[in-house]
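The values are calculated or read from the model by the stated rules, or taken from the named source; none is laboratory data. Please read all numbers here as calculations on a predicted model, not as lab measurements. In this analysis, Cβ positions are derived from the backbone assuming ideal geometry, glycine residues included, and neighbour counts consider all displayed protein chains. Surface areas here come from the heavy atoms of the whole protein model, side chains and all, with no ligands, DNA or RNA. Shrake-Rupley method; radii C 1.70, N 1.55, O 1.52, S 1.80 Å.
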Amino acid sequence: MELPKISVIVLNFNGKNHLETCFTSLARMDYPADKLELMLVDNASADGSAAYVREQFPQVRVVENADNLGFAAGNNVGAQAATGEYIAFLNNDTRVAPDWLRKLVEPCLQDEDAVCAASKMLGWDGKKADFVRSTMNFHGFAFQPEHGLLDLAHAQRELIFPCGGAMLIRRDVFLELGGFDEDYFIYFEDMDLGWRLWLSGYRVVFAPEAIAYHRLHATMDAFSAFRKWVLFERNALVTLIKNYDDDNLAKILPGALMLMVARATRLMRANGWRPEAYDIRNRAESGLTEAVSRSGLAVLVAANEVVENLPHILQKRRAVQARRKRSDAQVFERFGQPLLAHTIDFPEVEDAYGQAQSNVLHELGIVDLFAHTERRVLVVASDLLPFDGMPTTGAGLRAWSLGQGLEARGHEVYYSMPRAAMEGREMRGKNRAWELLWEAGKIHEVVKKISPDVIVACGWSTLGNLEGVATPVVLDQHGPHLLERRFQKHLDEEINRSEKLYGLAKADFFTCAGERQRQYFLPWLQEAGYANPDAKSDAEFEAKSEAESAVVHVSLGGDWPPVKETSPNPEPVFVYGGVFLPWQDPLLALTTLVARMDALGTGKLKIFGGKHPFIPIDTREFEALIDKLTQSKRVEVSPMLGRDALLAEYARADAAIDLMARNPERELAVTTRTVEYLWCGLPVIYNDYAELSDYIGPAQAGWCLDPTDDQAMTAVFDEILRNPQILVERGKNARRLAEESFNWAKTIEPIDQFCRKPYKRTRAHSVSLPKPGTGAQGTAHGAGPAGLPRKGLRTLAGEAVYHLRRGGVRGFLYESLGFLQRRLAK
Amino acid sequence: MPPASHTPRAIPAGANPAGANPEHELPTISVIVLNYNGKVHLQTCLDSLLHLDYPAHKLELLLVDNASADGSAAYVRAHFPQVKLVETGANLGFAQGNNVGAQAATGEYVAFLNNDTRVEPDWLRHLIQPCLDHDDVVCTGSTMLDWAGERLDFGAGWMNFHGFAFQKNQGMPVAAAQIHREPTPIFFACGGAMLVRRDLFVETGGFDADHFAFYEDVDLGWRLWLMGYRVLSAPQAIAYHRLHATTGTLNQFRKWVLFERNALLTVLKNYDDANLQTVLPAALMLLIARIIRLLRVQGWDPESYHIGNHTGNHTGNHRGNRNAADDAELTEAVSRSGLAVLVAANEVVENLPRILERRRQIQARRKRPDAEIFARFGQPLYAHTLNMPQVDVPYTRAHYAVVNGAVVNGLSVADLFKRVGRRVLLVTTETFDVAAIPVADRTASPASPHATPFTGRAITEAAAWARTIGQGLAAQGHEALFAMPKTELDAANQEQHAGDGAHAHAAILHELAWEPGRVHDVVHKSLPDVIVLCDAAALDNLHGVSTPTALCLEPDAAALQADQLQQVDFVTPAREATVAIAQLDEFCRRPTKRAAPRTPALAHAQTGTRAPSPTNASYAPPKRTADLLREAYAHFRRGGLRGLLLETLGYLQRRLAE
């Protein structure tokens, strides 16, 4: 294909030391020289940049501005002066790969609508992603997801906007749309351009193979944070006023303004300001002024600038809207993260800000506008996930299946496992999972890396570690944990209880694996402050707490194993799988089975399982049982297998035995391993008392037996062993049952709905929960210790250093006084 | 002993004199006096209630005590055994305190009365009468006068589009205050002296307790209108009010929280869905504009927050930042009044679910469309006055007015209210007869014309032009008020010996007469939506006026200088009366304050030059010493020595910055 002429525009302000590297890399590009124009636009640098380039790079056209026009206007000048059919904008603190420009223009040559391409930007050493993805939220804040993580963006995809630091656009389109909006000075002008391109009917495409390397953000560091806040806040607001259509603007503008009020207030609060002192009942005399956070004031300054320039902005809006070729609903799909709460970066106010945003989104109907778009979800697992053939447990598989279910609904899912679970393991290849391991007390770091729209936390003990995030949280509990702990002879039930309430109180929506479990959890939820505090009646209270919880059955999906038409084995093969846990007692069922196999001289029992992969649990009783069973040559015992290998074994088997003694935990459990058997098409010999019995029995997906009735067991085992063909039909039933009732694509509905319209639950003010003691040690499934409610010395010292760096000695002193004040106030 | 009662003779006698109803037809009424630490007022107030001519067996007197610490309750128990005492146990605020009273009351109607009032003996008969005359009138408002009965405190309640209420003609002499003869529709009755049907009041939730105090009466009035009822004034029902004796402390900013918050609450609850979408962003934007302006009061400069252009060095020392080392400061001191507005807005944001739940309940009972209620607003586009001397300096006021105009027009709020006539102050340089021009509240039938000093006099061409313009605007539904030069008006009165204030027109002409250089005094008295200058000679008298102003050139006027044009927001180029009136009408419907040069940040980002600092903007005339002294005194009153010092330092800082 004929290559078009391209002008590469490097904007420069006092960046002479970057220019040699940058232009050398441009000069070495493999793009035909006669189709290439290299330009330097110098924003009145004082360091002799222009003269340097003229001397060292005579092939570069130098355009000198008389003043620092900022990013937007500076680049616009370059675009005007350029002669190429396309223009590429490149930051001065970058270098590019030799094939950068070829790869960058490629998507535009493939599709006429794709007039703008985004370069991949990596860190200087090429190891971490800088810009590989762009998203924005409903009130005009732009984000660069994956920033600082491994670069796994290998697919060409559509983006809401390219990064202005390395991008390409058709010059005529750029000029016709008015270029970058010069009122922005700097920040978000690229987002605004992207949005305008989309609504004008064009597309913006990410070119994964066009690679620029970026020295990270040197230019703007000279400015203090509150000055940058003004620009971010102002430009976000200007962008949304210009680009939404009339109906959507009417809904969103009040919401955006209200959230500015919320941000200003919370930034000030984070700096010690107490709006409560403004209550009329407070009779304390006060001075006429009060010192408050400049970052908070910056938000107000930003909003006020927009208000004062409203006629001008509305005029620009009319021009933008006159070009509309694509509906907002279509553009919304490109936003990426429309409902992401803008991070304030002060953990102590994040949660309250998330609450405010949630209220605004729901009460003003904004959330409905974006319900058709998908979310970025972080699944925080408490156990190993079945990646790369690793073994897993019920808890891990549950977490993974929730994520898979959400992926099936189009959401983008990230998984975080406990670091402890990965001790001594290796994972193959580049894998995001390694970057997202969580450590006790530091889940928020993972959250920060990913900026998810929703967190799905598996097990409440994970939430003890999640302080200060604005993100809505689903807490999934895959079983009645506290009951399990009884069997572990866990001594401190009170700590356990408070941990549980604390975790529940943190979450906004609760799911568990079965209806019976949910009934068990409802009173816990109410104690943890679920249900509207303003509920006027018990009925309303209960209805609300019901609405804040849902059942998501343990489910599987994805690549369904083939259905067996005949048994693969001459003698029926039974499997028993899973981690050995003290509240599970299959002794009678297994010994009876082995006795009948021995008696009838047919059949095999394969036991897969063993100790929990990383949590120490006493398994002596099990080992004794295994010793006993293996005296029969019809019993084989394998260690824990990776999930792939385990499934291959299941595929070669004929039936599963999962019949355990009755206890309160088992009655409420919806066991993952059982569903896994069904999914593999194995009929299950199951109990007659659990929730799954109500499915397996009527579906004839196996046999539901009284776990104490060895005569009934004997009858069933004998029937199977004498006539193994009956297993085939029941195996098909098992598979059908799994597809219909335990298929994540179906069962994930409640969490999918929550993700589409996520919210922060309104906290009951009356409920004040004891924070779990710091002494609580993570045991069994609750890997890792619970949260640290009071700030430890290390945290305090860390904060002190932070304030010293930010504010110098004065800032530090100010903070210390505020801290002391707050402590005294308590 | 209460002062001798007398009905000010400027209040015209109504068609329904008290006592028209036979006693047995009168309903039972409970009068509720809410009290918080107001023991000193109670004797006067309760005595006057005991002198009411309302039949005793139809009357219940209640005192609701909001947990006063001054022994009010014991005092009432000892001295007024006939008064039913309700003790709330805590300070529930105005709204909930009165709700508790209404719950405890037994009358068919409840009348709420402030504790710092006294009433005329026939107060209650007049107050109930409109409810007896009309089924759909369920709420009436007293005429409230100052303690001496000389000036109007409350006659009719008005509101602007973002929920700020004001009292029409408050502070005007009774004769000039255009009090109607007949009960007249009003948007709301002042909670300080009003009457409402008890069952309805209780059933619709009474005063919204979330308000605590302020604007709960506005909210109630609006709610009643939208439910299909009417609220009427009862002009003859007269209560005398000691005006706001307890204010004036440093804690004023806490009241600001309530005003701002409650205005926003009122807006959120009562507009219909479509109108709320139009109004809410505008209300929020103006709220932000007020925050910034109030924050400036103590010398804070938002301009200092901009990343300016670098001018050659790149050490982080940039424009807009006088001292780069400053940047290390994480906080800075700003005015609590401005922060109060932020607190107010934030409280609304934090309680949004609850507020909108209340909204849904209210909207479910709607029987009257917004469009029919809008006329009752009175002055929907009136720019909220910050009412603080610190920010009432010309530049700030003017600036807020500019923003107000741009927001209400840019976000189409003006269009919602384009059918509501405006309150227009015509500034003339001549005196003349205005008898033929209705000056009364355009929401009611005009009072009949009265004789004025000019009746029958010949007038000049300029005066005739002004009168024609006023007549034309009145015919378009606007309320035309005239400000004439005082010296000439006095001279005319001397001639005619008719200036005794007996006639409403004459009285208001005198009240609104302007003195050279001090048109703003008249503007502050009359609070017009729009000012129309009837000839260019009035131009130089506009210092400190932030109201949108049009100049209506006379047919034979000389061409204007550019700097003269700078002083007004609109000039009628047409010199033919009907065309000029049409143009003025259009300006009044969508009034704007002419945009100042574009604001600094955006402008300088584009042009690379910093816009002039507002403090040395050309349209801020230097303050006169007298003004400075007046301000100093105001600060002293408000903030004591400390407040004065703070203000003075702020002032010096600003002067230095210039």
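Round to a whole number: what % of the accessible area of region A:207-281 belongs to carbon and sulfur, probe 1.4 Å? Its accessible area is 50 percent carbon and sulfur atoms. In this view, the solvent-accessible surface of A:Leu692, computed with a 1.4 Å probe and all protein chains in place, comes to about 0 Å². Mind running the shape call on region B:48-102? Use the C-alpha gyration tensor, a ≥ b ≥ c as the square roots of the eigenvalues: rounded below 1.5 for a/c, prolate if a/b tops b/c, oblate otherwise. Note, shape of region B:48-102 comes out oblate.
I need the shape label for region A:530-651. Rule: rounded when a/c is under 1.5, else prolate if a/b > b/c, else oblate, with a, b, c from the alpha carbon gyration tensor. The shape class here is prolate.
Between B:Ala67 and A:Lys127, the distance separating the two model label sites (each 7 Å from Cα on the Cα→Cβ line) works out to 6.2 nm. Judged by the gyration tensor of its Cα atoms, with axes a ≥ b ≥ c, chain A is prolate; a/c meets the 1.5 cut and a/b is the larger of a/b and b/c.
Shown is the FRET efficiency for A:Thr83 and A:Ala225, computed with R0 = 41 Å from the Cβ-Cβ distance and rounded to the nearest 0.05: 0.55. Please work out how much length the chain gains when fully extended from A:Glu333 to A:Asn431, using 0.36 nm per residue of separation minus the C-alpha to C-alpha distance, in nm with one decimal. Between A:Glu333 and A:Asn431, full extension yields 32.6 nm more. Work through the residues other than B:Trp465 whose Cβ is under 13 Å from its Cβ and net out their charges, Lys, Arg +1 and Asp, Glu -1. Value of the local net charge: -4. Starting from the Kirkwood Rh over alpha-carbon pairs, what translational D in µm² s⁻¹ does region A:561-718 have by Stokes-Einstein at 37 °C and 0.692 mPa s? Once the numbers are plugged in, D ends up at 207 µm²/s. Placing B:Lys593, A:Lys251 in order of accessible area, with the largest value first and a 1.4 Å probe, yields A:Lys251, B:Lys593. Using a 1.4 Å probe over the heavy atoms of the protein chains, calculate the carbon and sulfur portion of the accessible area of region B:35-143 as a whole percent. Carbon-and-sulfur percentage of accessible area, whole number: 50. Gyration tensor over the Cα atoms of region A:636-708: the corresponding equivalent ellipsoid has semi-axes (square roots of 5 times the eigenvalues, largest first) of 22, 14, 11 Å.
Other residues with beta-carbon under 10 Å from the beta-carbon of A:Trp679 carry, at +1 per Lys or Arg and -1 per Asp or Glu, a net charge of -1. Heavy-atom accessible area with a 1.4 Å probe sorts A:Asp111, B:Asp273, B:Asp135, largest first, into B:Asp135, B:Asp273, A:Asp111. Interface area, chains B and A: about 7400 Å² of buried accessible surface, summed, with a 1.4 Å probe and ligands, DNA and RNA left out. Express in % the proportion of alpha carbon pairs of region A:697-750 at distances exceeding 18 Å. That tail contains 47 percent of the Cα-Cα pairs. Peptide B:97-110 has a mean of 0 when you count, residue by residue, the C-beta atoms of other protein chains within 10 Å of its C-beta. Our Cα-only numbers for region A:225-303 put the radius of gyration and Dmax at 15.4, 48 Å. For trypsin sites (Lys or Arg not before Pro), the sites in region A:515-589 that DSSP calls loop and that have at most 13 other Cβ atoms within 10 Å are A:Lys536.
A loss of 40 Å² or more of accessible area (1.4 Å probe, protein heavy atoms, ligands and nucleic acids excluded) relative to the isolated chain is seen in these residues of region A:268-287: A:Tyr278, A:Ile280, A:Arg281, A:Glu285, A:Ser286, A:Gly287. Note on region A:200-271: along the principal axes its Cα atoms extend 42, 38, 15 Å, ordered by decreasing extent. Local charge for A:Leu406 was computed over the other residues whose Cβ lies under 15 Å away, with Lys and Arg +1 and Asp and Glu -1, and equals 0.
Note on region A:534-692: with charges restricted to the Cβ of Lys and Arg (+1) and Asp and Glu (-1), its dipole about the Cα centre is near 840 debye.
Between A:Thr566 and A:Glu719, the FRET efficiency from the beta-carbon distance, with R0 = 25 Å, is close to 0.85. Residue order by solvent-accessible surface for A:Phe185, A:Phe387 is A:Phe387, A:Phe185, largest first, with ligands and nucleic acids left out and a 1.4 Å probe. Placing +1 on each Lys and Arg Cβ and -1 on each Asp and Glu Cβ, with no other charges, gives chain A a dipole about its Cα centre of roughly 1380 debye.
The eigenvalues of the Cα gyration tensor, multiplied by 5 and square-rooted, give region A:327-486 an equivalent ellipsoid with semi-axes of 28, 19, 15 Å from largest to smallest.
Measuring between alpha carbons in the structure, the pairs from A:Lys242/A:Lys757; A:Lys103/A:Lys757; A:Lys228/A:Lys325 lying more than 27 angstrom apart are A:Lys103/A:Lys757; A:Lys228/A:Lys325. Only helices enter this figure: runs of n ≥ 4 DSSP H residues, each worth -39500 (n - 2.57), summed and divided by the residues of chain A, yield -13500 deg cm²/dmol at 222 nm to the nearest 500. Mean partner shielding of peptide B:288-297, defined as the number of other chain Cβ atoms within 10 Å of each residue Cβ, is 4. Just so you know, the averaged projected area of the alpha carbon convex hull for region A:120-233 sits at 7.6 nm². Enumerate the aspartates and glutamates that A:Lys500 could reach by cross-link, defined here as Cα to Cα under 16 Å, with residues fewer than 8 away along the same chain left out. Hits, sequence-local ones excluded: A:Glu467, A:Asp476, A:Glu484, A:Asp492, A:Asp508, A:Glu527.
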